[in-house]
Amino acid sequence: MDVRRKLLPVLLIAAGSVVYFSLAPGWPVDQHVRVVLGDASPRVDEVTLRFAKSHSSGGGDWLREVTFHYAKGGAPRIVSYEPRLASGEYLLEIEIRTEDSRVVTNERHVDLTGGTTSIELPQPSALREGRLP
C-alpha cells in the first residue's frame, strides 16, 4: 500500500506532462506579420489580411481577418499585425485597395512559428497595373 501512495504523484505528473506536451503545439500564440508596402504605400488606402489553415481554400473558412484604413497618402511602408494563432502553415490573403479604388488581391502560403513573418509586395507599377505576384 505504501508503494502505491508513493507512485501516485509520479503517475499523475507523468499523465499531466503527456497531456500538456500533446496539446501545447495547437495552442494559439502571438504571431507577428509584417506586410511591406514599400514605395507603393502612398497609393494604398486600405489593406485587408485574412488567415485560413493552409489546406483550406479561402471563402468562409477564415480564422482571422483584419482591415486597416488609411487617409489618402497615409499608409505606412510596413503594415504590422499580431494575430493570435497556433503555429503552422496558413493561407494569407492580402487585399489592397488603392487610391483609385482598384482592388488587388494576392494569396500567399506562410509558415507562422511564433516569430516575425515578413511579406514584401511589389513596387507601385504592379499596383497601377492591378496585379500582385
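Restricting attention to the range 48-88, report how many residues are assigned to a strand (DSSP E or B), modelled with pLDDT of 90 or more and over 13 Å from residue 33 (Cα atoms). Before you say what the answer is, go through the steps one by one.
Applying the first criterion (assigned to a strand (DSSP E or B)) to the range 48-88 yields 48-53, 64-69, 78-81, 84-85, 88.
Retained after the next criterion (residues that are modelled with pLDDT of 90 or more): 48-52, 64-69, 78-81, 84-85, 88.
With over 13 Å from residue 33 (Cα atoms) added as a condition, the list becomes 52, 67-69, 88.
Count: 5.
Within the bounds of the range 23-44, is there any residue that is farther than 15 Å from residue 113 by Cα, of a type outside the set (Gly, Ala, Ser) and either within 15 Å of the chain's Cα centre (by Cα) or modelled with pLDDT of 95 or more (or both)? First the steps, then the outcome.
Filtering the range 23-44 for residues farther than 15 Å from residue 113 by Cα gives 23, 35-44.
Next cut, of a type outside the set (Gly, Ala, Ser) only: 23, 35-37, 39, 42-44.
Restricting the remaining residues to those that are either within 15 Å of the chain's Cα centre (by Cα) or modelled with pLDDT of 95 or more (or both) gives 35-36.
The answer is yes; a qualifying residue exists.
Could you list all residues from the range 34-54 that are over 29 Å from residue 87 (Cα atoms) and of a type in the set (Lys, Arg)?
43
Within the range 89-98, track down each residue that is surrounded by 14 or more Cβ atoms within 10 Å (Cβ to Cβ) and touching a Leu at 6+ places or on another chain (Cβ under 9 Å).
Passing the criteria: 90, 92, 93, 94, 95, 96, 98.
Consider residue 77 against the criteria (1) in contact (Cβ under 8 Å) with a residue 40 or more places away in the chain; (2) surrounded by 17 or more Cβ atoms within 10 Å (Cβ to Cβ); (3) under 19 Å from residue 120 (Cβ atoms): it satisfies all of them except one. Which criterion is unmet?
It is condition (2) that residue 77 fails.
The values are calculated or read from the model by the stated rules, or taken from the named source; none is laboratory data. Not measured: the values here are computed from a predicted model. FYI the Cβ positions are ideal-geometry reconstructions off the backbone, even for glycines, and counts take in every protein chain you see.
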